[in-house]
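FYI, it's all coordinate maths here, none of it is from the lab. This structure is a prediction, so every number in the text was calculated from the model and none was measured. For neighbour counting, all protein chains shown are included, and Cβ atoms are generated from backbone atoms with ideal geometry for every residue, glycine included.
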Amino acid sequence: MKKEIPAEPLSDESKRSDSTDPSEDEELSSYYGEDGEENGESGGESDSSEDEVSSLDDAEDRGTNGDVIKSVEESDSSEDEVAPRNTIGEVPLEWYRDEEHVGYDVSGKKIKKQARKDKIESFLAGADNVKNWRKVYDEYNDEEVELTKEEIKVISRLLRGKTPHAGVDPYAPYVDWFVWEDKAHPLSSAPEPKRRFIRSKWEDKKVVRLVRAIRKGWIKFDKPKEESQFHLLWTDDSNAADNKRHGVNYIAAPKPKLPGHEESYNPSIEYVPTEEEKNAYQLMYEEDRPKFIPRRFESLRSVPAYDMAVKEVFDRCLDLYLCPRSRKKRLNIDPESLKPKLPSRKDLRPYPTTCYLEYRGHTGPVKSLSVEISGQWLASGSTDGTVRVWEVETGRCLKVWDVGESVQHVAWNPSQERPILAVALGHDVLLLNTGLGDAEVQMRIKELLHVEESKSSEDTGDHGSAVRWFRHDKYDGIVLKHFKSVSTVEWHSKGDYFATVVPTGESRSVLVHHLSEKQTKNPFRKLQGIPVSVAFHQKKKIFFVATKKFVRVYDLESQRMIKKLETGCREVSSISLHSTGDHVIVGSREGKMCWFDLDYSSKPYKTLKIHQKDITSVSFHRTYPLFASCSDDCTAYVFHGMVYSDLNQDPLIVPLEILHGHTRSDGRGVLCCKFHPRQPWLFTAGADSVIKLYCD
Amino acid sequence: MPKHYRPPGKKKEGNAAKYITRTKAVRYLQISLQAFRKLCILKGIFPREPKKKVEGNNKTYYLMKDIQFLAHEPLRQKFWDMRAHDRKIRKAEARRNRDLADRLVNRRPSYKLDRLILERYPTFIDALRDLDDCLTMVHLFAALPAAEREHIQVGRIHNCMRLSKEWQAYIARTHSLRKTFVSVKGIYYQAEVEGQKITWLTPHPLQQVLPDDVDFRVMLTFLEFYEALLGFVNFKLYHSINVKYPPILDPRLEALAAELYGLFRYISASSGRMSADSHAIVSSGDKKQVEDDKMDTGNDESEFAELQHQVPANEPGALMHLVEDATAADEEDEDTKECKNLFKNLKFFLGREAPKDSLLFIIPAFGGVVSWEGEGSPYEEADEDITHQIVDRATQGHIFLSREYVQPQWVYDCVNARIILPTEGYLVGRVPPPHLSPFVDNETEGYVPEYAETIKRLQAAARNQVLPMPGVDNQDLDNPQNLLAEGIIDRAQANEAAEKQRKLAILEKQYHDELKMEVEGTSYSSLSSKNLEKPSEDVEEDTTADTDNIEEHALNLAKVSMSRKKRGILEAIQIHKERKKAKVDILKERKRKANSRKSG
């Protein structure tokens, strides 16, 4: 810390300070303060008259002026400045925190730490000694230093932001050492050079560049003329073909929708939604909510500005340049043209249309129907445990057998000489003598239906007998006891064979019985799927087995599968054969009916989705080109199904009539439908225990 | 190996070659996305919907051909130049080289759109066909405030105003305005120019707010193209009526914001033959000479009479645009003639609150004379010849008995109906009858509003032909005068009156028949039997209901044998029909409720 203060002003001041009074100084100092301000304003110009006072200092320094000079003089000599006692240098003091000493003195001896004063001691020391406030603890040397008055003064001046020594004059007058008088010439007498008056090489280059740019028209100074940009663009349209850019690829943007009545400022009252409707809009999903809610204004002046005006135009802009465009073929079809050209139903008569007779007598849902081949008798089996035979034309109930168990299926022997009825119930199949026909027929039947006790089929092998033939004592017939419950019984057209279906019978689920021999055969060693229904071909030795998804066609002679028909249905419920044997219809539980042409493909020729509920039964007419389906939705459909002998012509299928009439009971509707063998009549059996006859 | 592996050297095929995604297109063209957007807007390139989206479903696809077309566009180079130029300016400014910066700013490269317009619209008809959006946008911007924040400059707003007024002046001048509709969104106009129906929307003349969620840069790019397009279209149209374009307007009128009127004056003054006519009028101010002039040119009496009728307006400008152009009239079609003569002998005056801009456009377009309150108007409110004053304010200062005070809606409804409607319903202070959209085909919509029927009957009456009232036979309603009066009565009353009339007519007819029969010598009994035949219709209706049922039955049966696809279409049609019907049902229900509230 060295303070260098010019010697001259100091000495000047020392001289003056001797000869001045304290009172005078006070005045001067105040004057000086004003002068300082003035000086600031006038930009540093100072008069020579004020020079004397400018070096004076504050009033409080004045009294000790002599001391100041002394101290300054002392400090001027650097050699007598006291070196610190400690010689450790500038190292962190915490290194010695745990030591007994604070460092080493010049001679290399340890400087011992002084004993710490506690608070009371220091307080007492403070109270005792008036000068205690001047003491400062020097951590480095571990000693207390008492500051002198001069030192405190220097500190206080520093704190006030002044120079540490009062003797410094910051505004000392400038002394110009150069003598200006009697100098006739400037410092250099050289003439002004030429280059001061001509362009530089670089300036020349710049000018050349600019001139060239102006000449070549790169730089133009006149503003471009505003000319009308519009002219006659489309002069004549003859050359339109040349600049035609819209090829096949161009798609014109669709025009915005024109406003309807509801957008009017004053729409008719029916276009304005009521408050309730508006509230209902709030409950809707955002997408479903109408974008525009019509409003009604009393007069044109009350219509406010439309706040979406800019937004809508903007959206349109976005649509125009962002929305992918593609050509869409809009179907503009007359619904009439969609309907297939079908022959008039009038030309397809006769077919059953109206309910003609009802056969009442059953007390439970009628499960199955069968019409005798002559068409005179109708047999029906019901879940109430009875089998009835009706006279078709009168509706008289001829006979009732109370078999005591829910009847699954009844089938009349298709042979005229054998008026035998096969009834499937539970595990049994009954062959009943209906007692029709003349005495000779009766005698032959009695003979036929005679069976010895417990004659069982032999070919069941090691499984135990699948079927046993018994005499039925009560009704004078035969009972075939199956090992499991029987669902269907179907006759061969000759009337000597019949087949029964035991759905849960696995490998023995389809059994063929020979009536005259009283024998049972299991034609399939293994059968895939659960059989639902079976059918015999009328003429050929072909056998149809309908499982849940497929209809398998077997040749009985060569004992192999000929064809597998894929119905595409989930669950087949019934099957019926056309009298030619080349066409099959299959009804399924999802309400679909499939028509198969056996010569055509294993896929259905036509699939008709007609019923809402399960199809329970389908049926072909023996002679007329008719077929029918009935379902649990309480309807029966009658179709015209013409099969042509010309193989090139597809069968014609025309829906003819929907027959209503049955009522639903217990979730079931119509359970069975059968055609009359000779007349275009249809019998339907309902779950409401009524049998109906529909005639044309 | 993926299934669609393409061996090296083999070109892309199919959709992969035909379409390109947006990102790839931008890369291909080596421009920024903004420049690409601008280029697409100006060139009218839009994305496509390829059948197979090779690069993914969430991409935007452009036709490769379109992108190649863009690649050959000189504008692309221009955009590059402009960008480089902007950089030069920025550089000069950063170096404090003001000279250079100023020079560069003045020399900014610019481009013209005429070639693009011709490319996009090879024929004038094409341009007209695509003018809807253009007009809507220009009219919207004419009503927007200039906003520095959104770079909407005052100059462009003024340009839009000028273009829209020029367009309106042409439409009014050629009387090709066909339909107008005041909606909540603004006022729709439909004009027919060269056989093209052009519809546009003008916002209501109120302060528009600029929403925050709108990118004005996109809109301004569109506007840039539309301004140029409308300018060229206007040029062509003005050229077709022998008027110089761009028109030079009377600065006085321009200052008074009556540009449209100024344009009318300009157009009439500059179309050739007409100017001669008007000169004659102005110079002499003598009706005799006008008459001579007219006789010379061989115009018919009625026109002359009309001209005379107009002369007292003492305002040459007002006259000029009323002068009939006889030669042009021959070329005009029926529609234009009808429009031209709708307000032929009517003189309008607009009140302060009436929508001045719109009415100043519509009324001259339909052959009327119009003035307004304020400076520069052709005639004062005190003019005795004024037939209709359009006001939208309940209180009036001085009421002239010689004229009718109607609400503005009357003008719009008259224009749509193409007849002068009775003014009773539109008098000041009343709630006017509903304003219906002329763009709706009521029959296909399935619901005919009540007032539409009234207007239909009024139209029929005006054409001196009788339309059957619903539920009324043809022989009634022979008096159009009665009908005209009826038109504004309530519908229920009208029906009642019609019923009465019908009964009277029937009685009258019966009387005539009897007389006739007496002359012929037939007995009364046969007549009564003849009359009795009528109710048989009702019976037939019953049977038709039955046949309906049968038909439905047959339809159901036919459905069975349809293919699944066709059945689906049929069901869709039926659903559509049902929806439509449900809408109509809602309307009917509301109507019924409103009626019951009114009566109850």
Of A:Lys225/B:Lys244; B:Lys18/B:Lys112; A:Lys328/B:Lys53; A:Lys399/A:Lys692; A:Lys399/A:Lys592, those spanning more than 25 Å from alpha-carbon to alpha-carbon: B:Lys18/B:Lys112; A:Lys399/A:Lys592
Work from the charge dipole of segment A:360-695 (Cβ charges, +1 for Lys and Arg, -1 for Asp and Glu, about the Cα centre) and give the residue of A:Leu431, A:Leu448, A:Leu608 farthest towards its positive end. A:Leu608
Could you tally the net charge around B:Leu570, taking each other residue with its Cβ under 12 Å from the Cβ of B:Leu570, Lys/Arg +1 and Asp/Glu -1? +4
What lysines does A:Lys162 reach when the alpha-carbon gap must be under 29 Å and sequence neighbours fewer than 8 apart in one chain are set aside? A:Lys2, A:Lys3, A:Lys15, A:Lys70, A:Lys131, A:Lys135, A:Lys149, A:Lys153
Roughly speaking, what is the centre-to-centre gap between segment B:85-141 and segment A:619-655 when only Cα atoms are used, to the nearest Å? 76
Find how much the distance from A:Tyr174 to A:Asp138 grows on full extension, using 0.36 nm per residue of separation minus their present alpha carbon separation; answer in nm with one decimal. 8.6 nm
Between A:Gln559 and A:Phe292, what length in nm is gained on full extension when 0.36 nm per residue of separation is reduced by their alpha carbon distance? 88.7 nm
Two pseudo-spin positions, 7 Å from Cα along C-beta at B:Leu210 and at A:Asp696, lie apart in nanometres by 8.4
Using a 10 Å cut-off around each Cβ, can you sort A:Tyr637, A:Tyr140 from fewest to most neighbouring Cβ atoms? A:Tyr140, A:Tyr637
Per-residue counts of other Cβ atoms within 10 Å, averaged by peptide: what ranking do you get for A:517-530, B:115-128, highest first? B:115-128, A:517-530
With DSSP loop assignment and no more than 15 other C-beta atoms within 10 Å, the trypsin sites (Lys or Arg not before Pro) in segment A:460-514 are A:Lys474, A:Lys484, A:Lys494
From the cross-link list A:Lys563/A:Lys606; A:Lys526/A:Lys564; A:Lys484/A:Lys521; A:Lys255/B:Lys78; A:Lys205/B:Lys91, which pairs have alpha carbons spaced over 24 Å apart? A:Lys255/B:Lys78
Tell me the label-point distance for the pair B:Arg564, B:Ile125, using the 7 Å Cα-to-Cβ offset, in nm and rounded to one decimal. 4.6
The FRET efficiency for A:Ile251 and B:Arg217, from their Cβ-Cβ distance with R0 = 22 Å and rounded to 0.05, is 0.30
When every alpha-carbon pair in segment B:20-72 is counted, what percent end up more than 16 Å apart? 33
Please report the net charge: other residues with Cβ closer than 13 Å to the Cβ of B:Ala172, K and R +1, D and E -1. +2
Separation between Cα centres of segment B:192-231 and segment B:353-392, rounded to whole Å: 27
Which lysines, on any chain, are close to B:Lys593 with Cα under 19 Å apart, when same-chain ones fewer than 8 places away are left out? A:Lys278, B:Lys581, B:Lys583
Could you tell me the ratio Rg/Rh of segment A:551-641? Both radii from Cα atoms, Rh via Kirkwood. 0.98
For the pair A:Met284 and A:Val145, what calculated FRET efficiency results from E = 1/(1 + (r/R0)^6), where r is the Cβ-Cβ distance and R0 = 60 Å, to the nearest 0.05? 0.10
When the dipole is taken about the Cα centre of segment B:114-246, and only Lys, Arg (+1) and Asp, Glu (-1) are charged at their Cβ, what size is it in debye, to the nearest 20? 540
Could you put B:Leu401, A:Leu342, B:Leu230, A:Leu421 in order, starting from the residue whose Cβ has the fewest other Cβ atoms within 10 Å? B:Leu401, A:Leu342, B:Leu230, A:Leu421
Applying 1/(1 + (r/R0)^6) with R0 = 60 Å to the Cβ-Cβ distance of B:Leu507 and B:Lys577, what FRET efficiency is obtained, to the nearest 0.05? 0.90
Please work out the Cα center distance from segment A:167-227 to segment A:389-445, rounded to the nearest Å. 139
Under the Karplus curve 6.51 cos²θ - 1.76 cosθ + 1.60, θ = phi - 60°, whole-Hz ³J(HN,Hα) for segment B:342-356, x wherever Gly or Pro sits: 5, 9, 4, 9, 9, 10, 10, 9, 9, x, 5, 9, 6, x, 5
